[in-house]
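What follows is one structure encoded as structure tokens, with my remarks underneath.
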Amino acid sequence: MTTYAIHAAPNISWQKKLAPIIQRGLLCHNIKANIVQDKTRVSDVSLILGPNAWKQIESDGKPFLMFNRKFLGFQPQDVHENVAISWDGFNGYGTFCVNEIDEKRLYRYVKEEEILDYRYNAHGVNLLCEQYDLGRCRNWKSINDFYSFVKKRYDNVVVRKKVNPENIGVEEWKRQILQQLQNVKSAHVLNSTVSTELTVFGVPLVSHDKGDPCYSLRNMRFKRMKLLNYLAHCQWHYDEINNGKWWEKLKNKKGPKLYEI
């Protein structure tokens with residue numbers, strides 16, 4: 001019988017809240033999973049909350065499910081009540097088991113009027129989007145090395161500090177970012193979820209790592225709205241996790257990694 005364990009840090013509020021919700025959702029399918037703090041694997045399948053504390057489990061070569069920050073939605077409840085769930089990686093490197101698309105789902109998270117027209121500005125600036133670290137990218141030794149690479153390779157680079165809407169308020173965040181985007185030719189992203197927000201706002205992206213959730217937009221056949229609809233099926237509301245609906249889609253790993261779609 002396959003065993004499961006939920007790895008959550010009790011001192012991190014969102015993990016403390018989400019772990020028992022996952023546990024109840026699995027019980028809907030007669031799966032018992034203990035909530036643990038172990039940094040290494042204690043079960044056949046590990047369910048890990050966030051990409052920072054459980055790297056030893058990520059790298060041990062065995063199956064894991066990652067619960068991480070949502071992709072879409074600008075309201076506080078979107079970030080506090082939704083998580084992206086994927087097999088054996090996160091963001092672009094995760095497998096999200098999306099096999100059917102309901103276009104109505106996107107509008108749970110993004111209003112139609114928030115999806116702005118695609119921007120074309122050949123004479124604008126190159127916007128370099130900061131992030132905390134390299135994520136899982138190994139092409140540079142540090143995040144500052146990546147910044148230096150972009151600044152040397154591209155002209156007229158302007159840096160955007162990392163700011164999340166949940167930190168300064170949705171309306172202020174939208175005011176700031178829309179002002180920053182007025183004269184942007186393209187935005188340079190390593191693997192941050194800021195790319196999903198920029199995609200909603202119609203900003204051309206230069207993705208420098210397959211871990212970028214919007215890396216597939218490099219393929220011109222993959223249209224922006226198709227990607228946004230796909231991303232809406234990669235994240236789950238806590239109610240859907242609690243009632244076990246998410247497990248019906250994710251119990252068997254199938255489909256491509258996000259960067260491969």
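Restricting the search to segment 18-37, which residues are outside any loop (DSSP other than H, G, I, E, B), touching a residue at least 24 places away in the same chain (Cβ under 8 Å) and not aliphatic (A, V, I, L, M)?
The answer is 24, 25, 34.
More than 17 Å from residue 78 (Cα to Cα) and without any contact (Cβ under 8 Å) to a residue 12 or more places away in the chain: is that true of residue 210 in this structure?
No, not satisfied.
Answer with yes or no whether residue 119 is surrounded by fewer than 12 Cβ atoms within 10 Å (Cβ to Cβ), more than 27 Å from residue 13 (Cα to Cα), among the basic types (Lys, Arg) and assigned by TED's automatic domain parsing to the domain that holds residue 186.
no
If you scan segment 216-242, which residues turn out to be of a type in the set (Ser, Thr, Tyr) and at pLDDT 95 or above?
The answer is 230, 238.
Cβ-Cβ under 6 Å, sequence separation 6+ or interchain: first residue in segment 134-154 and charged (D, E, K, R), partner at pLDDT 95 or above and outside any loop (DSSP other than H, G, I, E, B). Which pairs?
151/157
Regarding segment 87-102, can at least one residue be identified that is over 19 Å from the mean Cα position of the chain (by Cα) and either among the basic types (Lys, Arg) or farther than 29 Å from residue 137 by Cα (or both)? If you could, list the steps in order and put the result at the bottom.
Start the filter on segment 87-102 by keeping residues that are over 19 Å from the mean Cα position of the chain (by Cα), which leaves 100, 102.
Subsequent filtering for residues that are either among the basic types (Lys, Arg) or farther than 29 Å from residue 137 by Cα (or both) retains 100, 102.
Among the residues of segment 87-102, at least one is over 19 Å from the mean Cα position of the chain (by Cα) and either among the basic types (Lys, Arg) or farther than 29 Å from residue 137 by Cα (or both), which makes the answer yes.
Residues 194, 170, 163, 189: which one is surrounded by 19 or more Cβ atoms within 10 Å (Cβ to Cβ), modelled with pLDDT under 95 and of a type outside the set (S, T, N, Q)? If you could, list the steps in order and put the result at the bottom.
Details: 170 fails: surrounded by 19 or more Cβ atoms within 10 Å (Cβ to Cβ); 163 fails: surrounded by 19 or more Cβ atoms within 10 Å (Cβ to Cβ); 189 fails: modelled with pLDDT under 95.
Unique residue meeting the criteria: 194.
Considering each residue of segment 51-62, count those that are crowded, with 17+ Cβ neighbours inside 10 Å, modelled with pLDDT of 95 or more and not hydrophobic (A, V, I, L, M, F, W, C), and give that number.
Pass one, segment 51-62, residues crowded, with 17+ Cβ neighbours inside 10 Å: 51, 54, 57-58.
Filter once more, keeping what is modelled with pLDDT of 95 or more: 54, 57-58.
If we keep only those that are not hydrophobic (A, V, I, L, M, F, W, C) as well, we get 58.
Selection size over segment 51-62: 1.
The values are calculated or read from the model by the stated rules, or taken from the named source; none is laboratory data. Fair warning: this is a prediction, and the values are worked out from it, not measured in the lab. When we count neighbours, we look across all protein chains shown, and the Cβ atoms used for this are built from the backbone with ideal geometry, even at glycine.
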